[in-house]
1. Local charge sum around GLY33 (other residues, Cβ-Cβ under 13 Å, Lys/Arg +1, Asp/Glu -1)?
2. Given N residues in the range 23-83, what is Rg(Cα) / (2.2 N^0.38 Å)?
3. Karplus couplings for the range 41-58 from phi (6.51 cos²θ - 1.76 cosθ + 1.60, θ = phi - 60°), rounded to Hz, Gly and Pro as x?
Amino acid sequence: MIDIHGYEDKDGHIMKKKEYIDSRAINDYIKSGGVICPYCGSEDIEGGFININIGEAFQEITCHSCDKRWTDIYKLIWIEEEL
């Protein structure tokens, strides 16, 4: 059963849906490499197209478990020289 306060994960467990995330959840998401939903912890996330702007890139991410969406922000930090 799914409602505004929770959702059912792939194993049938009822999970509580977060309405917002705090800085700790954001840091955990970044440390994971962006592979888990910062709202519910699911790995069932998908990234859209990457939009590139000067020195930055933006990608909308969707969680298919809790239906939350957010934008990942990437920054240019280095280049790798081709030999």
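1. Details: positive: LYS31; negative: ASP28, GLU43, ASP72.
Neighbour charge sum, excluding GLY33 itself: -2.
2. Details: Rg = 13.3 Å, N = 61, 2.2 N^0.38 = 10.5 Å.
For the range 23-83, the normalised Cα radius of gyration is 1.27.
3. x, 5, 8, 7, 10, 9, x, x, 5, 9, 9, 10, 10, 3, x, 9, 9, 10
Read the figures in this text as sums done on the coordinates, not as results from a lab. Quantities reported herein were computed from a predicted structural model and do not represent experimental measurements. Heads up, the Cβs are rebuilt from the backbone with ideal geometry, glycines too, and the neighbour counts pull from every protein chain shown.
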